1. Report, in whole Å, the centroid distance computed from the Cα atoms of region B:148-215 and region A:1-70.
2. Rounded to the nearest 500 deg cm²/dmol, what is the calculated helix-only ellipticity per residue at 222 nm for chain B, with -39500 (n - 2.57) per DSSP H run of length n ≥ 4?
3. If only Cα atoms are counted, what is the Rg of region B:143-208, and what is its Dmax, in Å?
4. As a footprinting exposure proxy, order B:Ile191, B:Ile183 by other Cβ within 10 Å, with the fewest listed first.
5. Determine one quarter of the surface area of the Cα convex hull of region A:120-240, which equals its mean projected area, and express it in nm² to one decimal.
6. With springs only between Cα atoms under 10 Å, which of B:Pro207, B:Pro130, B:Pro225 fluctuates most in a Gaussian network model of chain B?
7. Given contacts defined as C-alpha pairs under 8 Å and at least six residues apart, what's the relative contact order of region B:94-222, whole-number percent?
8. What does the charge count near B:Arg44 come to, summing +1 for each Lys or Arg and -1 for each Asp or Glu among other residues with Cβ under 9 Å from its Cβ?
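No lab work stands behind these numbers, since they all come straight from the coordinates. Everything numeric in this text was worked out from a predicted model, so none of it was measured. Here the Cβ is made from the backbone with ideal geometry for all residues, glycine too, and neighbour counts use every protein chain on show.
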Protein chains: 2
Amino acid sequence: MKVTVLTGGVGGAKLVLGLAHALPPADVTAIVNTGDDFTHLGLRVSPDIDTLLYTLSGKANTAQGWGREGESWSFMDAVRSLAGEDWFALGDGDLALHVLRTARLAAGEPLSTIVGDFARRWGIASTVLPMTDDAVATILDTDEGELAFQRYFVARRCEPRVKAIRFEGADRAHPAPGALSAIAGADAILIAPSNPFLSVDPLLAVPGLRQALADAQAPVVAISPLVGGRAVKGPTGKLMVELGVDQGVAAITAHYQGVIDGMLVDERDAPADLGIASARTDTLMLALDDRIRVARSALAFARSLRR
Amino acid sequence: MKVTVLTGGVGGAKLVLGLAHALPPADVTAIVNTGDDFTHLGLRVSPDIDTLLYTLSGKANTAQGWGREGESWSFMDAVRSLAGEDWFALGDGDLALHVLRTARLAAGEPLSTIVGDFARRWGIASTVLPMTDDAVATILDTDEGELAFQRYFVARRCEPRVKAIRFEGADRAHPAPGALSAIAGADAILIAPSNPFLSVDPLLAVPGLRQALADAQAPVVAISPLVGGRAVKGPTGKLMVELGVDQGVAAITAHYQGVIDGMLVDERDAPADLGIASARTDTLMLALDDRIRVARSALAFARSLRR
């Protein structure tokens, strides 16, 4: 059973790890949000892709929720001593991804080739694809003016009030090589429990990806990012209030209307008529076992659906 | 007494540190070879400047002879795991200089401004100037073909036989801002005991610097890089053989003919008629005391000379 999953950062990476244990890992393709990507200190940083690479290769710092396990911080200490920008933390080991990616991009390699090579080098049998090799930037219009994603998310800790979100460059972006065929050839397509507005919408804003989802033969199932009606972490709840979206899984289902065929809802959530096929399970993914179980639930639910 | 010293890497940095102890450090200006500079993994590396910054700020790894004391190596480990180039070792803390320099150069700042800022941030009261803000590259013509300096020095460990050395871009390079006035305004000008062919010649190949030395009112004194007739470290002796230069301080003095007014020779060397003013002292600089003593000897010798 070939599965293609659209995913963002940490929460999505947990599901993809579960899928890579529930299935032969080579049967899993992750198409990853790159709207968070940005250039910092001249280095090209791809936070969601890197989180997935660390997670799938067993290098993720799961306690911290981002970056590498056992990371050291000599670089940041030296940057601070030189009065360099230190609002975005780059670990010593983590820098290798950014330095090598930046050098290879500058040499003309597309991001997807570089990421594929990184994954191979780290023994990742699943396919990790950026959503596009083109530049897309998630920009938030806030009460402090327009902020690029990392400025909002890291530097300003999601504190500014968000009025609108746009994905600069998305309308001209082409899906990365392999993304369309991974959607067309999948037996199930999943949308990971990532932030719908910040992590999944950039993917859906790439015209070719949205069309491929519409044309796919396999059912598309979203795993709700809400557990007991609330986001596990991150600004989903705050954002929904600010964007004037009703709280709860019904609003997220409505947000995905026309894209998904089914919604996998946390069993703690209040039952609601979603106007679409749904299933319920414990979607909280604390340990690896949880991730595998949620992955299996999503796959079983997808199998039960037809287009 | 204002002193300006032309210097290369490790040996030169020892002398500059001695000068900064023998004099008020603000009275010392170092003009540093940038012919070794190169771009590695997309990062601009300035080995001789960085060695001097580390030495003057007390951060140098004196046992290793290069890099930072207490350095960690997570970056290189991760680079290797990704099959990145690992022939040139970049320490985690060391990376801060390269990343910030590269980002600031890309933003249009000249190297001299960046280096001056680094020095200030690290509390270095002496002036550290690159020889030029223009690109100059030391290229060795060897029996393995043309090699850029670091390829010869680090990757090939000085093993190839050298037929000729050239300094690409030097003829069009302008001295960095402040370099000419530091030479014109000095009470003594020193040439550090760096490799004459690889570290000092690039400086002398910048037309404005060579002319400024000729026009200077202060005497120019070279400290011989030979101790007991041999180079303390590095490829000086091997190079002299390959380039068909006689071994010994007389040949080095001849090499500097027209540039220097005096040569400070190690007391172990066999006396020789250098055809120029000379003085003798113990030039081996193992500990800080040695460096201060050699600096004082060079300054006293320079004071005894007139142009």
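1. 48 Å
2. -10000 deg cm²/dmol
3. Here Rg and the maximum Cα pair distance are 14.7, 44 Å.
4. Details: B:Ile191 29, B:Ile183 25.
Lowest count first: B:Ile183, B:Ile191.
5. Values: hull surface 35.7 nm².
Averaging across all directions leaves 8.9 nm² for the Cα convex hull.
6. B:Pro207
7. On the way: 166 pairs, mean separation 27.7, N = 129.
After rounding, I find 21 percent.
8. Numbers: positive: B:Arg101; negative: B:Asp37.
Surrounding charge for B:Arg44 is 0.
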